[in-house]
Amino acid sequence: MNLLQDFIEKTNKEGIYVKNVNSLIKRIVKSLSIKNTKLSKILGVSPSLFSKWLNSDVAIPVDSFNSLLSIVKQRKISTDKLMFSTRGGNGIRSCFIPKTLSTDLAYFIGYLLGDGCLYKNDYIISISFKESIECEKILSILNKLFFIKTKPKNYMTYLEVKINSKILHLFLSKVFGFPLGKKKGKVRTPSIILNSPPNIKINFVRGFFNADGCLCETEKTYSLMFKQSTKMILEEIKDIMLEFEIKMNGPYYDKQNDAWLLGTWKRDTINNLKDILSINAAVVQPG
(Lines give C-alpha, C1' and ligand atoms only; values in the text may rest on other atoms or scores of the structure.)
Protein backbone atom coordinates (compact mmCIF):
# COMPACT_ATOMS: atom_id res chain seq x y z
CA MET A 1 0.00 0.00 0.00
CA ASN A 2 1.14 3.53 -0.79
CA LEU A 3 0.86 5.28 2.58
CA LEU A 4 1.22 8.74 1.03
CA GLN A 5 -1.65 8.15 -1.36
CA ASP A 6 -3.82 6.76 1.42
CA PHE A 7 -3.01 9.68 3.72
CA ILE A 8 -3.76 12.28 1.04
CA GLU A 9 -7.10 10.70 0.17
CA LYS A 10 -8.18 10.33 3.82
CA THR A 11 -7.18 13.87 4.88
CA ASN A 12 -8.68 15.64 1.87
CA LYS A 13 -10.82 17.95 4.02
CA GLU A 14 -8.64 18.28 7.13
CA GLY A 15 -6.88 21.58 6.38
CA ILE A 16 -3.50 19.99 5.61
CA TYR A 17 -0.93 21.34 3.14
CA VAL A 18 1.77 19.64 1.06
CA LYS A 19 5.10 21.46 1.15
CA ASN A 20 7.98 21.82 -1.33
CA VAL A 21 6.29 20.06 -4.25
CA ASN A 22 6.55 22.80 -6.90
CA SER A 23 8.91 20.66 -9.02
CA LEU A 24 6.44 17.75 -8.83
CA ILE A 25 3.57 20.08 -9.80
CA LYS A 26 5.61 21.35 -12.74
CA ARG A 27 6.07 17.78 -13.99
CA ILE A 28 2.34 17.14 -13.65
CA VAL A 29 1.42 20.36 -15.48
CA LYS A 30 3.95 19.60 -18.22
CA SER A 31 2.29 16.24 -18.82
CA LEU A 32 -1.07 17.94 -19.42
CA SER A 33 -2.17 19.79 -22.54
CA ILE A 34 -4.08 22.35 -20.48
CA LYS A 35 -3.19 26.01 -20.05
CA ASN A 36 -2.32 27.16 -16.53
CA THR A 37 -5.24 29.60 -16.46
CA LYS A 38 -7.72 26.86 -17.33
CA LEU A 39 -6.10 24.48 -14.86
CA SER A 40 -6.34 27.04 -12.06
CA LYS A 41 -10.03 27.51 -12.89
CA ILE A 42 -10.64 23.75 -12.71
CA LEU A 43 -8.97 23.70 -9.28
CA GLY A 44 -10.98 26.73 -8.16
CA VAL A 45 -8.02 29.00 -7.36
CA SER A 46 -6.69 32.24 -8.77
CA PRO A 47 -4.03 32.15 -11.54
CA SER A 48 -1.63 34.05 -9.25
CA LEU A 49 -1.94 31.42 -6.48
CA PHE A 50 -1.50 28.61 -8.97
CA SER A 51 1.62 30.38 -10.26
CA LYS A 52 2.99 30.44 -6.68
CA TRP A 53 2.43 26.69 -6.37
CA LEU A 54 4.44 26.24 -9.56
CA ASN A 55 7.27 28.67 -9.00
CA SER A 56 7.81 29.01 -5.25
CA ASP A 57 7.78 27.07 -2.00
CA VAL A 58 4.18 28.03 -1.15
CA ALA A 59 2.46 24.91 0.13
CA ILE A 60 -0.55 23.51 -1.70
CA PRO A 61 -3.69 22.30 0.16
CA VAL A 62 -4.06 18.53 0.18
CA ASP A 63 -7.48 18.70 -1.49
CA SER A 64 -6.06 20.78 -4.38
CA PHE A 65 -3.06 18.47 -4.66
CA ASN A 66 -5.39 15.47 -4.71
CA SER A 67 -7.52 17.11 -7.41
CA LEU A 68 -4.42 17.80 -9.48
CA LEU A 69 -3.36 14.16 -9.22
CA SER A 70 -6.86 13.00 -10.24
CA ILE A 71 -6.73 15.20 -13.36
CA VAL A 72 -3.58 13.36 -14.41
CA LYS A 73 -5.58 10.14 -13.92
CA GLN A 74 -2.72 8.51 -12.06
CA ARG A 75 -1.87 8.87 -8.40
CA LYS A 76 1.66 7.50 -8.33
CA ILE A 77 3.89 9.82 -6.31
CA SER A 78 7.53 9.58 -7.34
CA THR A 79 9.06 10.28 -3.96
CA ASP A 80 9.76 8.35 -0.78
CA LYS A 81 8.45 11.10 1.48
CA LEU A 82 6.37 14.24 1.31
CA MET A 83 6.38 16.99 3.90
CA PHE A 84 3.02 18.15 5.18
CA SER A 85 2.10 21.24 7.17
CA THR A 86 -0.89 22.71 8.95
CA ARG A 87 -0.22 26.06 7.31
CA GLY A 88 0.19 27.28 3.75
CA GLY A 89 3.48 29.02 4.51
CA ASN A 90 6.54 27.97 6.48
CA GLY A 91 4.58 26.80 9.52
CA ILE A 92 6.27 25.09 12.43
CA ARG A 93 3.79 22.18 12.42
CA SER A 94 5.51 20.29 9.64
CA CYS A 95 5.98 16.55 9.35
CA PHE A 96 7.18 14.01 6.81
CA ILE A 97 4.94 11.09 5.89
CA PRO A 98 6.70 7.95 4.58
CA LYS A 99 5.51 6.33 1.38
CA THR A 100 6.01 2.70 2.42
CA LEU A 101 5.61 0.60 5.55
CA SER A 102 9.17 -0.06 6.79
CA THR A 103 10.33 -2.29 9.65
CA ASP A 104 11.00 0.85 11.74
CA LEU A 105 7.46 2.11 11.17
CA ALA A 106 6.02 -1.32 12.02
CA TYR A 107 8.01 -1.35 15.28
CA PHE A 108 6.79 2.17 16.13
CA ILE A 109 3.15 1.20 15.45
CA GLY A 110 3.49 -1.88 17.66
CA TYR A 111 5.03 0.03 20.55
CA LEU A 112 2.49 2.84 20.29
CA LEU A 113 -0.43 0.40 20.40
CA GLY A 114 1.02 -1.01 23.60
CA ASP A 115 2.15 2.06 25.54
CA GLY A 116 0.84 5.00 23.54
CA CYS A 117 -2.32 7.05 23.35
CA LEU A 118 -3.93 9.41 20.85
CA TYR A 119 -5.90 12.15 22.58
CA LYS A 120 -9.53 12.28 21.55
CA ASN A 121 -10.13 16.03 21.66
CA ASP A 122 -6.68 17.24 20.71
CA TYR A 123 -3.90 16.33 18.28
CA ILE A 124 -1.56 15.03 20.97
CA ILE A 125 0.21 11.66 20.94
CA SER A 126 1.49 10.43 24.30
CA ILE A 127 3.99 7.55 24.65
CA SER A 128 5.21 6.06 27.95
CA PHE A 129 8.48 4.22 28.59
CA LYS A 130 9.76 2.18 31.51
CA GLU A 131 13.32 2.21 30.17
CA SER A 132 15.42 4.89 28.48
CA ILE A 133 16.67 2.43 25.83
CA GLU A 134 13.18 2.11 24.34
CA CYS A 135 12.59 5.84 24.60
CA GLU A 136 15.79 6.57 22.67
CA LYS A 137 14.82 4.04 19.99
CA ILE A 138 11.36 5.56 19.46
CA LEU A 139 12.78 9.11 19.43
CA SER A 140 15.24 8.00 16.74
CA ILE A 141 12.42 6.52 14.63
CA LEU A 142 10.33 9.70 15.02
CA ASN A 143 13.21 11.80 13.73
CA LYS A 144 14.13 9.41 10.93
CA LEU A 145 10.63 8.80 9.54
CA PHE A 146 8.70 11.97 10.38
CA PHE A 147 11.41 14.58 11.03
CA ILE A 148 9.96 15.10 14.51
CA LYS A 149 12.42 16.01 17.25
CA THR A 150 11.33 16.09 20.87
CA LYS A 151 12.54 15.30 24.38
CA PRO A 152 11.04 13.02 27.03
CA LYS A 153 9.81 14.14 30.42
CA ASN A 154 11.14 12.16 33.36
CA TYR A 155 8.59 11.21 36.02
CA MET A 156 11.11 9.17 38.08
CA THR A 157 9.36 5.81 37.58
CA TYR A 158 8.74 6.29 33.85
CA LEU A 159 9.46 8.54 30.87
CA GLU A 160 6.83 10.21 28.72
CA VAL A 161 7.02 11.71 25.25
CA LYS A 162 4.23 14.03 24.13
CA ILE A 163 3.94 15.09 20.49
CA ASN A 164 1.55 17.81 19.39
CA SER A 165 1.15 17.06 15.68
CA LYS A 166 -2.11 17.14 13.77
CA ILE A 167 -0.41 15.50 10.79
CA LEU A 168 1.05 12.53 12.68
CA HIS A 169 -2.17 12.18 14.69
CA LEU A 170 -4.24 11.99 11.47
CA PHE A 171 -1.72 9.63 9.87
CA LEU A 172 -2.03 7.19 12.77
CA SER A 173 -5.81 7.44 13.14
CA LYS A 174 -6.82 7.64 9.46
CA VAL A 175 -4.28 5.29 7.85
CA PHE A 176 -3.62 2.81 10.69
CA GLY A 177 -6.98 3.03 12.45
CA PHE A 178 -5.61 3.96 15.88
CA PRO A 179 -8.35 4.36 18.51
CA LEU A 180 -8.78 7.81 20.06
CA GLY A 181 -8.91 8.29 23.80
CA LYS A 182 -9.29 5.23 26.04
CA LYS A 183 -8.04 2.11 24.26
CA LYS A 184 -9.64 -0.64 26.34
CA GLY A 185 -11.46 -3.05 24.06
CA LYS A 186 -10.41 -1.13 20.93
CA VAL A 187 -6.79 -2.14 20.29
CA ARG A 188 -6.42 -4.11 17.06
CA THR A 189 -3.58 -5.03 14.73
CA PRO A 190 -3.88 -2.65 11.74
CA SER A 191 -5.01 -4.43 8.57
CA ILE A 192 -1.98 -2.97 6.79
CA ILE A 193 0.24 -4.96 9.19
CA LEU A 194 -1.79 -8.17 8.84
CA ASN A 195 -1.45 -8.00 5.05
CA SER A 196 2.31 -7.30 5.13
CA PRO A 197 5.35 -9.58 4.66
CA PRO A 198 6.78 -11.54 7.65
CA ASN A 199 9.56 -9.02 8.41
CA ILE A 200 6.99 -6.25 8.86
CA LYS A 201 4.75 -8.40 11.05
CA ILE A 202 7.56 -9.52 13.36
CA ASN A 203 8.83 -5.97 13.85
CA PHE A 204 5.30 -4.94 14.78
CA VAL A 205 5.21 -7.75 17.37
CA ARG A 206 8.67 -6.72 18.67
CA GLY A 207 7.46 -3.20 19.29
CA PHE A 208 4.26 -4.42 20.92
CA PHE A 209 6.15 -6.84 23.17
CA ASN A 210 8.65 -4.22 24.30
CA ALA A 211 5.66 -2.13 25.39
CA ASP A 212 3.30 -4.78 26.79
CA GLY A 213 5.47 -7.86 27.18
CA CYS A 214 7.31 -9.44 30.08
CA LEU A 215 9.97 -12.14 30.42
CA CYS A 216 10.01 -13.52 33.97
CA GLU A 217 12.94 -15.59 35.18
CA THR A 218 13.27 -17.07 38.67
CA GLU A 219 14.59 -20.35 40.07
CA LYS A 220 11.10 -21.86 39.77
CA THR A 221 9.46 -19.87 36.99
CA TYR A 222 10.35 -19.21 33.38
CA SER A 223 7.62 -17.48 31.40
CA LEU A 224 7.05 -15.00 28.61
CA MET A 225 3.82 -13.05 28.40
CA PHE A 226 1.93 -10.33 26.59
CA LYS A 227 -0.54 -8.47 28.79
CA GLN A 228 -3.32 -6.33 27.32
CA SER A 229 -6.79 -5.05 28.15
CA THR A 230 -8.05 -6.02 24.68
CA LYS A 231 -8.37 -9.73 23.93
CA MET A 232 -8.63 -9.45 20.15
CA ILE A 233 -5.13 -8.08 19.53
CA LEU A 234 -3.62 -10.94 21.54
CA GLU A 235 -5.48 -13.43 19.35
CA GLU A 236 -4.03 -11.66 16.31
CA ILE A 237 -0.53 -11.75 17.83
CA LYS A 238 -1.03 -15.46 18.50
CA ASP A 239 -1.89 -16.05 14.82
CA ILE A 240 1.15 -14.06 13.67
CA MET A 241 3.44 -16.13 15.89
CA LEU A 242 2.00 -19.34 14.39
CA GLU A 243 3.33 -18.13 11.03
CA PHE A 244 6.77 -18.36 12.64
CA GLU A 245 5.94 -21.81 14.07
CA ILE A 246 5.67 -20.44 17.59
CA LYS A 247 2.68 -21.67 19.60
CA MET A 248 1.45 -19.39 22.39
CA ASN A 249 -1.12 -20.22 25.09
CA GLY A 250 -4.21 -18.11 25.71
CA PRO A 251 -5.40 -15.45 25.75
CA TYR A 252 -6.45 -16.02 29.38
CA TYR A 253 -8.45 -13.56 31.44
CA ASP A 254 -6.66 -12.27 34.55
CA LYS A 255 -9.55 -11.24 36.77
CA GLN A 256 -7.35 -9.68 39.44
CA ASN A 257 -5.81 -7.20 36.98
CA ASP A 258 -8.79 -7.03 34.57
CA ALA A 259 -6.51 -7.91 31.64
CA TRP A 260 -5.84 -10.64 29.10
CA LEU A 261 -2.65 -12.71 29.01
CA LEU A 262 -0.97 -14.47 26.09
CA GLY A 263 2.08 -16.48 27.08
CA THR A 264 4.23 -19.55 27.16
CA TRP A 265 6.09 -21.42 29.90
CA LYS A 266 8.11 -23.70 27.62
CA ARG A 267 11.83 -22.99 27.80
CA ASP A 268 12.52 -23.94 24.17
CA THR A 269 9.67 -21.75 22.91
CA ILE A 270 10.85 -18.84 25.04
CA ASN A 271 14.44 -19.18 23.81
CA ASN A 272 13.15 -19.09 20.21
CA LEU A 273 11.05 -16.03 21.01
CA LYS A 274 14.04 -14.28 22.60
CA ASP A 275 15.84 -14.61 19.27
CA ILE A 276 12.87 -13.79 17.04
CA LEU A 277 11.76 -10.78 19.10
CA SER A 278 15.30 -9.55 19.86
CA ILE A 279 14.34 -9.25 23.52
CA ASN A 280 16.60 -6.87 25.43
CA ALA A 281 17.27 -6.27 29.11
CA ALA A 282 14.62 -3.55 29.23
CA VAL A 283 11.77 -6.04 29.23
CA VAL A 284 13.30 -8.79 31.38
CA GLN A 285 11.61 -8.66 34.77
CA PRO A 286 11.98 -10.86 37.87
CA GLY A 287 9.20 -13.13 39.07
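Is it true that PHE244 is in contact (Cβ under 8 Å) with a residue 40 or more places away in the chain and aromatic (Phe, Trp, Tyr)?
yes
Across the range 28-68, which residue is nearest to PHE84 (Cα to Cα) among those that are of a type in the set (D, E, K, R) and assigned to a helix (DSSP H, G or I)?
Across the range 28-68, the extreme among qualifying residues is ASP63.
Report every pair of residues separated by at least 6 positions or lying on different chains whose Cβ atoms are under 6 Å apart, first residue within the range 20-48 and closer than 15 Å to ASN66 by Cα, second assigned to a helix (DSSP H, G or I) and of a type in the set (Ser, Thr, Tyr).
Once the first residue is closer than 15 Å to ASN66 by Cα and sits in the range 20-48, its partners that are assigned to a helix (DSSP H, G or I) and of a type in the set (Ser, Thr, Tyr) give LEU43/SER64; LEU43/SER67.
Checking SER128 against (1) part of a helix (DSSP H, G or I); (2) over 17 Å from LEU170 (Cα atoms), only one condition comes out false. Which one?
(1)
Quick check: anything in the range 247-269 aliphatic (A, V, I, L, M), on the phi < 0 side of the Ramachandran plot and part of a helix (DSSP H, G or I)?
No - not one qualifying residue is present in the range 247-269.
Considering the range 185-199 alone, what residues qualify as being buried (at least 20 other Cβ atoms within 10 Å of the Cβ) and closer than 12 Å to LEU105 by Cα?
Result: ILE193, single match.
Among the residues of the range 78-90, are any touching a Gly at 6+ places or on another chain (Cβ under 6 Å), at pLDDT 85 or above and under 21 Å from LYS144 (Cβ atoms)?
Yes: one or more hits.
Looking at (1) under 30 Å from LEU49 (Cα atoms); (2) of a type in the set (A, V, I, L, M); (3) surrounded by fewer than 20 Cβ atoms within 10 Å (Cβ to Cβ), which is the only condition LEU168 fails?
Only one criterion in (1) under 30 Å from LEU49 (Cα atoms); (2) of a type in the set (A, V, I, L, M); (3) surrounded by fewer than 20 Cβ atoms within 10 Å (Cβ to Cβ) is unmet by LEU168, namely (3).
Can you find even one residue in the range 228-236 that is in a helix (DSSP H, G or I) and within 17 Å of the chain's Cα centre (by Cα)?
Checking the range 228-236: at least one residue is in a helix (DSSP H, G or I) and within 17 Å of the chain's Cα centre (by Cα).
Out of all the residues in the range 1-27, which are part of a helix (DSSP H, G or I), surrounded by 13 or more Cβ atoms within 10 Å (Cβ to Cβ) and under 29 Å from the mean Cα position of the chain (by Cα)?
The answer is LEU3, LEU4, GLN5, ASP6, PHE7, ILE8, GLU9, LYS10, ASN22, LEU24, ILE25.
The values are calculated or read from the model by the stated rules, or taken from the named source; none is laboratory data. Nothing here was measured: the structure is a model prediction, and the numbers come from that model. When we count neighbours, we look across all protein chains shown, and the Cβ atoms used for this are built from the backbone with ideal geometry, even at glycine.
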